[in-house]
Every structure is written in C-alpha cells, then in structure tokens.
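The values are calculated or read from the model by the stated rules, or taken from the named source; none is laboratory data. Computed from a predicted model, the values in this text were never measured in an experiment. Glycine gets a Cβ as well: all are built from the backbone with ideal geometry, and neighbour counts include every protein chain shown.
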C-alpha cells in the first residue's frame, strides 16, 4: 500500500513542479479521485449494514416468528450485563445470549460508577430501569483480557495528569483497583499488573453496585444476585464468580 | 435447624482460612467451608442451585466450541488487536443487540449501549461514560462510521414522551431521558395531533437525529467528519414489522 502510491505521488509532484500550469487540472482530478474513494468506502458501509440486517432477518427473525412475536410485545430479561465496548467481547457472542435474555450496558472497561445523580446518570438510569422496571434477577459485570481502558487506567501518571477529554476521568472510577494491584505487585510486569487490574476492577464495580439503594434492597430480598466475570480471549477462558451480600441481625447469645 | 454459630473468615492471601468455633459446627457451615477451600484452590465450583450461573457457563461453552475453537487464526489475530470500522450506539434493550440485528462478527463493531441509545452533548462533568466511548472509538480506534441505532417500542423514549409523570419518580431515568427533549419538542410541534403510539415512533427516530447532531458537539468527531475520515449515520430497527432503515449525515 505504501510505496506504489508514494511513487505515483512523487512522479506527479515532479511533473507539476515542471509544468505549473497543469496545477488546477491536477487538483480537480485529485479531488474527483478522493470523492470516488470516499463514496466507495461509504457505500461499502451502507451495504455492510444492509446485508447484515438481511442476514438477521432471513436467518433468525423470519425463522422464529413465535419468539420475535412475543418479544415485540415486551422484554423480560433475567440478566443485566455490563460489558466492555470492545468489539471482541459482545455478550451475544461470547455467552450466546439470545434476543430478550440480557439487558446490556456497554462502556469503556465495563465499569459501574458509584451512585451519583449528577455525574453518572447514564449508568444509574440503566441500573434503575433494570432493577425496578424489568426486575432482572442477576447483574453480571464482565471484564476482559487486553482491555484498553484498564491499560489506560494503569498508564495514568502518578501525579494524575491526564491527556484525554473523557477516557482517563472515566476509568479512574476503578483507581482503587490500580492502587491495590500495585501495592500487591512484587515486581510484576506492566502486562501482569493490567491482567490483575482487569479482575480487580470488576470487584470494584460490584462494590459500586451496592451504593444504589434499589440494588441493596433487591439483594436483601434475595430477588437479585451480583456476579463478576472475566473473559480471556487470548486463552479462550471464562471465569465467573459471585458476590455474596447479606444484611442479617447478629445473634444474641 | 438450630443455629450454632461459627465464624468463617478468609484472610488476605490464598491459603489462610481461619475458623473459630463457638459451638459445634453444623453441616451447612462445613459445606460452605469446603466450597470456599475449593474456590480458593481455583476449582471451578458453582453451587448446584445456581442455574443462572450455569446458563452463563453453558453459553460460553457453546461459543468456545462452535465459534472460538472453530476459527483459531481469526481469534488469534483478534487477540493482538481490534480495528473495527464501526462505533455503534444502541439501546440497552435486550432485544436490540447490534451483533445480532446487524450480524456484526467479533471485531467489527465497537459498541456503546445505554437507555434510549442517547448521545448527550459534550459534557465533561455529567457525561463521561458516553464521552469516553466516543473518544476511544474516534481517537484510538479511528472508526470510519458512527451509527446511532434506535428501535421500536423503546421504553426510554416512552418515558421521555410521558414526562412529566408524578405518579412515578426515579432517581436517574427521567434526568437521563431528558437528553431527548429536543426530539420530543419537535414531534409535539409537528405531530401533536397524531395518536400517541405514532408520536412514539416518530420520537424514536427524531431522537436518533438529535443524538447524531449532538455527536458534532465533540471536537474530535467534528474534525473527523469535516476531514472526511468518518461518517455519522442513523438507523432504526423496527422489530414489530421486521425492518431496518438507515440514513447518513452529509457533509459535502
């Protein structure tokens, strides 16, 4: 891709430097080529979306009229899932969730922020809707290998200076995971620190779920459970664990 | 069963479990101790009465055997890095996963999902969640397309169109769906006489347009669009009729 194009451009530049009067003609032709490439790329995407939907419609939607007929009337998923926005970790793929089974939030590094009506209305609204309206029975937070968000968290300098508009502020939700992992480090490599932080961040998020009163209430009533998970796509593994939460009176002896 | 008390605790570090018995340890506690030991030794152990956990394990097993192991080269390449061409912003609704509806394969689409597939205006205090998704997609992954995908029977849009509703107050939902107020206003202005169900459909689509416009309030989005390296698209999935329409923002 590199040198053929570069040679052609170099030859054109040389020609134009010798024959300056060709400049405006060349400019018009280059603009046309650019527009043609853009249109081709754009219509590739148009087609990709179109054929993608056609595939779904013929292979799934039309072959399961009962399922889709029922779903059209309403959803009653048993799961709420927090998964990373990463293109490689969609729970519909990795956990084979069918339409209607899982209410999903996808964000950078699948983080659950603590209850905050000003800063985190998005996550709060999703959890509120899932727990109070849909009455899901499980909330699952899924971390994953090679997470760019976690790497970003681990890369924030110690003095806290940030270079991004949003990313570093967002991933700092799990700063306590970074602190924990580093303090237990014993000379781990950066990669190993990230690996550990991916899982510890899930635990921080599970803890943050407890800051929502409606989550606590459902846990106490035992209508809801919280689960953490980690998908490792390097080794093809999936870990799953429970958070046990209980408010119980102490025994009087 | 009577309640002899016993304390079971786990110290920092994988190998220390202390048990202090105040009275006789009953069978239930003993079972729990054994389970803890098994977990700490890394033995996968889900209690037999946790079918919800088992379903997840089965789901992963299906993916692992039928997809992951069936395409080793594809997934080993993907493990090295992702280069999706799309950022898709879709609703959290369990019925509208873009992977399913648009048949995206692993690696094809970076996805943000929230109530009502909404994109608020650039706001570094109030909207870091969606801001981070868009920023990563545009700056780090340099996606070619952002697709905002709305859908039929959206609960978030219904709540927006029902506001103000004092019979039910929420801590978060109402504040969040108000991102779509410009869309609601437009629908009421132009179609206020239509039946509510039709207004909902119109608002579902208008809210997508509102989100597309809001995307331009992010400088890195604006730059990419103006430079011609990225296209902002809208889509609408109607799962009642089984249709999908799409449109795109033109810049020339």
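Considering (1) assigned to a loop (DSSP other than H, G, I, E, B); (2) under 25 Å from residue A:173 (Cα atoms), the lone condition that residue B:220 does not fulfil carries the number (1).
One line per residue, one yes/no per condition, for (1) at the interface with chain B (Cβ under 10 Å from one of its Cβ atoms); (2) within 30 Å of residue A:139 (Cα to Cα); (3) modelled with pLDDT of 90 or more:
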| residue | (1), (2), (3) |
| --- | --- |
| A:21 | no, no, no |
| A:47 | no, no, yes |
| A:56 | yes, yes, yes |
| A:71 | yes, yes, yes |
| A:75 | yes, yes, yes |
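Checked against the criterion of being under 30 Å from residue A:149 (Cα atoms) and either assigned to a helix (DSSP H, G or I) or in contact with a helix residue (DSSP H, G or I) (Cβ under 9 Å, 6 or more places away or on another chain) (or both), region A:4-26 has no qualifying residue. Apart from one condition, residue A:219 fits all of (1) within 12 Å of chain B (Cβ to nearest Cβ); (2) under 24 Å from residue A:78 (Cβ atoms); the exception is (1). Is it the case, given these coordinates, that residue A:29 is at pLDDT 85 or above, in a helix (DSSP H, G or I), more than 12 Å from every other protein chain (Cβ to nearest Cβ) and within 42 Å of the chain's Cα centre (by Cα)? Yes; evaluated as a whole, the condition is true for this residue. Taken over region A:232-250, residues that are out of contact with any strand residue (DSSP E or B) (no Cβ under 8 Å at 6 or more places or on another chain) and farther than 21 Å from residue B:50 by Cα amount to 6. Kindly list the number of the only condition in (1) over 28 Å from the mean Cα position of the chain (by Cα); (2) within 9 Å of another protein chain (Cβ to nearest Cβ) that fails for residue A:64. Status for residue A:64: all satisfied but (2).
When residue B:151 is tested against (1) facing chain A (nearest Cβ under 8 Å); (2) within 21 Å of residue A:68 (Cβ to Cβ); (3) under 17 Å from the mean Cα position of the chain (by Cα), only condition (1) is not met. Specify the residue that is surrounded by the fewest Cβ atoms within 10 Å (Cβ to Cβ); the eligible residues are those in region A:236-253 that are under 30 Å from residue B:68 (Cα atoms) and facing chain B (nearest Cβ under 9 Å). The residue in question is A:237.
Among the residues of region A:130-188, those identified as free of Cβ contacts under 8 Å to residues at least 12 places away in the same chain, within 13 Å of chain B (Cβ to nearest Cβ) and part of a helix (DSSP H, G or I) are A:133, A:155, A:169, A:183.
Could you look through region A:84-110, keep only residues that are assigned to a loop (DSSP other than H, G, I, E, B) and more than 7 Å from every other protein chain (Cβ to nearest Cβ), and pick out the one that is surrounded by the most Cβ atoms within 10 Å (Cβ to Cβ)? So the residue we want is A:89. Of all the listed residues (B:202, B:188), the sole one being more than 23 Å from the chain's Cα centre (by Cα), more than 13 Å from chain A (Cβ to nearest Cβ) and closer than 28 Å to residue A:65 by Cβ is B:202.
To keep it simple, each residue is scored yes or no on (1) surrounded by 16 or more Cβ atoms within 10 Å (Cβ to Cβ); (2) over 25 Å from residue A:230 (Cα atoms).
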site: A:45; (1), (2): yes, yes
site: A:53; (1), (2): yes, yes
site: A:60; (1), (2): yes, yes
site: A:66; (1), (2): no, yes
site: A:77; (1), (2): yes, no
site: A:81; (1), (2): yes, no
site: A:112; (1), (2): yes, no
site: A:115; (1), (2): yes, no
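Annotation: of all residues in region B:73-101 being facing chain A (nearest Cβ under 7 Å) and free of Cβ contacts under 8 Å to residues at least 24 places away in the same chain, the one that is nearest to residue A:234 (Cα to Cα) is B:79.
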